[in-house]
Every structure is written in structure tokens, then in C-alpha cells.
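Asks: Supplied in C-alpha cells, the structure appears directly below.
FYI, it's all coordinate maths here, none of it is from the lab. Since the structure is predicted, the reported quantities are computational estimates derived from the model, not experimental observations. Virtual Cβ from ideal backbone geometry, glycine too; neighbours counted across all protein chains shown.
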Amino acid sequence: MRKSPIPAGNWKMHKSPSETEAFLSRFLESYGEGDAPVLFFPPAVSVPAAVRATRDRKDVGIGVQNIHWEREGAFTGELSAAMARDAGATHCLVGHSERRALFGETVEETVKKAVAALDADLQVILCVGESLDERDAGRAEAVVREQLDPVLGADAVRSAWHRLIIAYEPVWAIGTGRTASPDDAGRMHRAIRARLEEVGAGDDGPPPVLYGGSVKPGNVAELLAVDGVDGVLVGGASLDPHDFAAICTAASEAASTS
Ligand code: PEP
């Protein structure tokens with residue numbers, strides 16, 4: 001039987017601690033405990049408020065959007081994986097396209113961040129995806145592989161395989177209202193899954209592969225129906241409690257009907 005699809009909300013630089021509390025109280029009213037594990041990635045400063053607001057909900061986990069790979073030190077403005085864990089985070093995003101494009105995060109840095117997060121007992125969502133130019137040049141799969149392979153090659157990642165999640169997020173679909181067609185998403189997800197199976201590790205099968213890029217209540221069901229799509233990473237639509245509750249309900253229904 002298919003594992004429950006995972007809906008995850010990446011709030012980016014939205015929602016202060018008090019806005020986080022207000023959002024989660026509305027969200028938890030609209031979405032009762034379901035079959036899908038739900039994840040939120042608020043700004044780091046709002047993580048404690050999110051952890052407090054969801055402490056009675058076993059199906060909800062809270063993560064951070066970014067960490068530094070060092071444990072501590074003179075890195076003004078940064079946050080370590082151990083600090084995030086101590087604040088109650090259970091998950092960490094690594095390699096989001098905005099980190100890569102706007103903050104110059106390199107593939108080598110994503111490897112160090114993934115290793116540090118796993119060492120601190122966090123689960124990692126590694127984001128990968130091609131730009132429109134790369135897709136038009138026929139390089140979508142090659143680019144994703146260039147982002148994926150160095151992380152999969154790290155010993156610390158292979159020994160914590162069950163705590164790894166991949167998010168395929170075509171850059172041209174993030175925040176643009178353009179979504180990959182179910183066929184395009186399916187092709188890329190199956191290519192990523194094949195690579196994960198080739199690399200192989202652990203008895204639990206390959207890590208789940210989420211789709212991200214303009215997921216909305218209106219398109220989530222068709223994306224979750226695609227073979228190889230194991231959940232969704234949602235930006236814009238996760239900022240509205242009713243929209244995100246509708247997405248979580250669709251994930252929960254997909255879990256119970258498959
Ligand atoms: C994201 O930033 O991870 C994302 C998928 O954003 P959006 O849903 O707004 O496209």
C-alpha cells in the first residue's frame with residue numbers, strides 16, 4: 001500500500017510568531033487529524049510558537065528553512081541544526097532554489113547542510129529542480145542529477161537514508177502560477193526515484209519525492225495521483241489556512257483511497 005503523501009508548507013519570510021499562532025489555530029480548526037503527516041516550515045523565529053501551537057497534534061511536524069553546517073561559532077545571523085532541534089524542529093529544508101539563486105548556495109554547501117542536519121537528528125527535505133533555460137536546453141534531468149548525486153554520495157546521508165525526503169521543484173513553476181503537467185512531473189519523479197533506487201540504502205525503499213511549484217487546492221489531487229509523487233511542498237497556498245487545509249485533506253484522501 002502507498003505511504004501517506006506528505007503535504008509540507010514553506011512559509012519563506014512570512015508570518016511572525018503571533019501570526020503563526022493565529023494561522024495554526026485556524027488551520028487546526030479546519031483540518032482534523034488526518035492520515036497524512038503535515039509539515040510546516042515557518043521562519044526560524046516563529047518555530048517555537050509553531051511547536052507550542054501544534055504540540056497536541058502527532059500528525060504535524062515543524063521544520064526550519066535553512067541551517068548553517070557548523071555547530072556554533074562566529075557566523076552572525078546563522079542558525080545551527082542543533083539549535084533548530086533544541087527549539088523543537090524535526091525537519092530542515094536544504095537547497096531550496098531561492099537559497100541557491102538569491103544567496104549563492106552551492107552544491108557543496110547543500111551537502112554540508114544535509115550532513116549537519118542529519119547529524120543533529122533532523123529529517124532533511126532536499127530541494128532540487130531545473131530552471132526554464134535548463135529545461136528548454138533538454139538538461140532538466142542532468143541538472144537535477146548534478147544537485148542530487150553529491151548529497152546522495154555522502155556517507156552520513158546514506159546511513160540516515162530513512163530521514164531523507166526529496167522535493168522536485170522546477171524553478172519555473174515556483175511562485176509563477178505555472179505548474180508542471182502531471183506527465184512532466186511524473187517523468188521527473190520517476191527519474192529521481194530510479195536514481196534513488198540505483199544508489200539504494202536501507203530496507204524501506206527509496207525516500208519519498210515531493211512535488212513543489214504552484215500547488216493549489218485546485219490542482220493538488222491530480223498531482224498526487226501521479227505515480228512517483230509522494231507529497232507536495234507548497235509555498236504561496238500554504239499561507240492561507242483554508243487553502244492549506246484543503247491541500248492536506250486531499251493528501252489524506254489520497255492516502256486512504258490508494
Ligand atoms: C516553494 O517555494 O517551495 C514553492 C513551491 O512555492 P509555490 O508553491 O508558491 O510555487
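Results for (1) out of contact with any Leu (no Cβ under 9 Å at 6 or more places or on another chain); (2) part of a loop (DSSP other than H, G, I, E, B); (3) buried (at least 16 other Cβ atoms within 10 Å of the Cβ), shown as yes or no for each residue.
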residue: A22; (1), (2), (3): yes, no, no
residue: F27; (1), (2), (3): yes, no, yes
residue: G34; (1), (2), (3): yes, yes, yes
residue: P48; (1), (2), (3): yes, no, yes
residue: G63; (1), (2), (3): no, no, yes
residue: T76; (1), (2), (3): yes, yes, no
residue: R99; (1), (2), (3): no, no, yes
residue: K112; (1), (2), (3): yes, no, yes
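Asks: Quick check, is A185 within 16 Å of the ligand (Cβ to nearest atom), more than 26 Å from V143 (Cα to Cα) and out of contact with any Cys (no Cβ under 7 Å at 6 or more places or on another chain)?
Replies: no
Asks: Against the conditions (1) in a loop (DSSP other than H, G, I, E, B); (2) within 16 Å of the ligand (Cβ to nearest atom); (3) touching a residue at least 40 places away in the same chain (Cβ under 8 Å), where does V144 fall short? Just the number, please.
Replies: Unmet condition: (1).
Asks: Of everything in segment 209-229, what is surrounded by fewer than 24 Cβ atoms within 10 Å (Cβ to Cβ), closer than 19 Å to R195 by Cα and not aliphatic (A, V, I, L, M)? Give them in sequence order.
Replies: Answer for segment 209-229, where residues must be surrounded by fewer than 24 Cβ atoms within 10 Å (Cβ to Cβ), closer than 19 Å to R195 by Cα and not aliphatic (A, V, I, L, M): D227, G228.
Asks: Mind counting the residues in segment 230-257 that are β-branched (V, I, T) and buried (at least 24 other Cβ atoms within 10 Å of the Cβ)?
Replies: Of the residues in segment 230-257, the ones β-branched (V, I, T) are 232, 234, 247, 249, 257.
Applying the additional criterion that residues be buried (at least 24 other Cβ atoms within 10 Å of the Cβ) yields 232, 234, 247.
Matching residues across segment 230-257 total 3.
Asks: For segment 148-180, which positions are over 15 Å from the mean Cα position of the chain (by Cα) and of a type outside the set (G, A, S)?
Replies: D149, P150, V151, L152, D155, V157, R158, W161, W172, T176, R178, T179
Asks: Ok, one more. In segment 30-44, which residues are away from the ligand (no atom under 16 Å from the Cβ) and in contact (Cβ under 8 Å) with a residue 60 or more places away in the chain?
Replies: Scanning segment 30-44 gives S30, Y31, G34, D35, A36.
Asks: Something else about it: Starting from residues that are out of contact with any helix residue (DSSP H, G or I) (no Cβ under 8 Å at 6 or more places or on another chain) and over 16 Å from G186 (Cα atoms), keep the ones in segment 154-173 and report whichever is nearest to the ligand (Cβ to nearest atom).
Replies: Looking at residues that are out of contact with any helix residue (DSSP H, G or I) (no Cβ under 8 Å at 6 or more places or on another chain) and over 16 Å from G186 (Cα atoms), I get I165.
Asks: In segment 209-226, which residues are outside any loop (DSSP other than H, G, I, E, B), among the aliphatic types (A, V, I, L, M), within 11 Å of the ligand (Cβ to nearest atom) and touching a helix residue (DSSP H, G or I) at 6+ places or on another chain (Cβ under 7 Å)?
Replies: V220
Asks: Mind checking which residues of segment 99-124 are touching an Asp or Glu at 6+ places or on another chain (Cβ under 8 Å) and of a type outside the set (D, E, K, R)?
Replies: V107, A116 - these are the residues of segment 99-124 that are touching an Asp or Glu at 6+ places or on another chain (Cβ under 8 Å) and of a type outside the set (D, E, K, R).
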